[in-house]
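Notes follow once the structure below has been shown.
Throughout, read-outs are computed from the coordinates displayed, never taken from laboratory work. Nothing here was measured: the structure is a model prediction, and the numbers come from that model. Note: ideal-geometry Cβ built from the backbone for every residue, glycine included; neighbour counts use all protein chains shown.
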Amino acid sequence: MASGKRNLEAEIAAEAAKLGFADCGFAPATLGPENAARFQQWLEGGCHGDMLWMEGRADQRAEPKVLWSDVRSVIMLGMSYAPGRDPFALAEHPDRARISVYAQGGDYHKTVKSALKALARWIVEQADDVQVKVFVDTAPVMEKPLAMAAGLGWQGKHTNLVSRSHGSWLFLGAVYTTLELAPSGAGRDRCGSCTACQTVCPTDAFPAPYRLDARRCISYLTIEHAGPIPLELREGIGNHVYGCDDCLAVCPWNKFADAAHRNRAFLPRAELVAPSLADLLALDDAGFRALFSGSPIKRSGRGRMVRNAAVAAGNSGDAALVAPVTALLDDPDPVVRGAAVWALGRLDPARAMAERANRAASESDPSVQAEWRLADAPQPV
Ligand code: B12
Ligand code: SF4
Ligand code: SF4
């Protein structure tokens, strides 16, 4: 170690860069009452839908010191997943499924977590009695406001962190530590008069800039939400089958993002770039597990993916999908059967009527019965 006073912040940032992080900053271990009040308002408005885990430990989520009283500083890390392709490229190919950029490669939870752990190990070796805890995504930690406080960028009107160097394409991770580190200074909002993310949203999920109603967000509907997708939002989903990037992808700050900075773990897997809806509709459990092994999609299960593919098929206007959708009318999962009824009503109303005569009376699940009743008044694409 060189003699003289150490610049531990610079050393940590250099170590983070070696571990594959694109950015690193330091924040005081507090988010303050304004953040807590906004978060509380969001919960009280029901914007979290059925993500009830957002309510549990809300006080710890809103304030780092409530989660861990010994924390003195927060180190925020960003890892780039900047895409090499236009995320809108498949919007005009309704027979193909759009998988959001973040889910086309390896699972970021694993990649970011293992890099955070390596950084934490390095930090505890630098001084006596230093304690650290690492978090990515699933812990009660508000990563976006913390990243803004640590100077990684600002929370854009789409609510995600925007970086001047990496646009909207950073995964975030946090290291809470007992070390006193000099804060980097908070990021400044550079959205200005831009409203691109607000107007592009296909399901109108922003009641106001900087505020997202997750219940209307395609990311929530296709990944987090377990039951039937609300009828009025199905059309807006288009051919998105897992997550959505539309509000991120239109952000003008992405022009500074370079796919060369993308961590290699997030290179897209060829079979997840433009999968055909017909193939996804035909997935059984084993096929689902094989296709999505090592991907974050695996966690959501086959039923949700096939439900989403059926909704996308209903939006496709593609007569070739009538057969695979019809096959799903006998699926053991009622959520899949229900989505298939809706899709068939859109793709081939006459066939839907014929199938209804054969099946509606013997259907035992109330949600699927409701879909058959709706199929009475089909809305062709
Ligand atoms: C719950 C969650 C979701 C939910 C809700 C999203 C949301 N906006 O809250 C759903 C399932 C919809 C979702 C979707 C996505 N998510 Co998500 N999600 C989370 C999670 C677990 C918690 C987020 C949270 O705390 N929400 C609560 C709300 C209230 O917090 P907030 O958005 O910060 O709200 C603040 C603003 O509204 C602000 N505010 C209100 N009014 C005003 C006014 C002004 C002027 C200002 C400045 C601020 C402001 O105050 C609120 C409190 O601070 C985080 C991981 C984590 N632990 O932080 C990942 C996380 C936010 N998700 C992430 C990603 C990548 C996504 C998707 C892009 C995935 C995809 N492609 O489908 C989409 C993006 C959708 C979108 N536009 O947000 C990344 C974002 C990285 C980044 N650069 O910001 C995170 C950080 C995960 C990670 N570790 O990388 N997600
Ligand atoms: S992720 Fe898609 S659906 Fe969700 S807010 Fe952004 S544009 Fe809207
Ligand atoms: S699209 Fe425009 S308004 Fe939305 S986050 Fe980016 S700069 Fe801000």
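So the values come out like this:
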| read-out | value |
| --- | --- |
| Virtual spin-label span in nm between E44 and S276, 7 Å along Cα→Cβ | 5.3 |
| Backbone HN-Hα couplings from phi across segment 255-272 [Karplus 6.51/-1.76/1.60, Hz, Gly and Pro as x] | 5, 8, 7, 10, 4, 5, 8, 5, 5, 4, 4, 9, 4, x, 7, 3, 6, 9 |
| Amide H within-cut-off set for Y242, under 5 Å, with H built and near neighbours excluded | S100 |
| Highest average packing first - 358-364, 121-127, Cβ atoms within 10 Å | 121-127, 358-364 |
| Relative packing of 189-197, 8-16, which averages over residues the other C-beta atoms within 10 Å, highest first | 8-16, 189-197 |
| Gain on full stretching of the segment that runs from E34 to D258 - 0.36 nm per residue minus C-alpha separation | 77.2 nm |
| Calculated over the chain: convex hull of Cα atoms, volume per residue (Å³) | 143 |
| Cα centroid separation, segment 265-305 to segment 181-252 (Å) | 23 |
| Positive-end residue of L321, V311, W342, charge dipole of segment 277-381 with Cβ unit charges | V311 |
| Bins of 5 Å, starting at 0 and running to the largest distance - Cα pair percent for segment 277-381 | 2, 14, 26, 23, 17, 10, 5, 2, 0 |
| MRE, 222 nm, helices only [DSSP H, n ≥ 4, -39500 (n - 2.57), over the chain, to nearest 500] | -10500 deg cm²/dmol |
| Farthest positive-ward along the chain dipole, Cα basis, beta-carbon charges - from G56, A147, L291 | A147 |
| Whole-Hz ³J(HN,Hα) from phi, Karplus 6.51 cos²θ - 1.76 cosθ + 1.60, for segment 163-168, glycine and proline x | 10, 5, 9, 10, x, 8 |
| Residue list for segment 228-266, given a label point 7 angstrom along the Cα-to-Cβ vector of S114 and an amide N cut-off under 17 Å | 263-266 |
| Cα→Cβ-extended label distance, 7 Å offset, between R289 and T199, nm | 4.8 |
| Burial ranking of peptide ranges 63-74, 306-317 (average Cβ count within 10 Å, highest at the top) | 306-317, 63-74 |
| Convex hull of segment 304-344 built on C-alpha atoms - directionally averaged projected area, nm² | 2.3 |
| Ascending count of other beta-carbon atoms within 10 Å, so fewest first, for K157, K255, K18 | K255, K18, K157 |
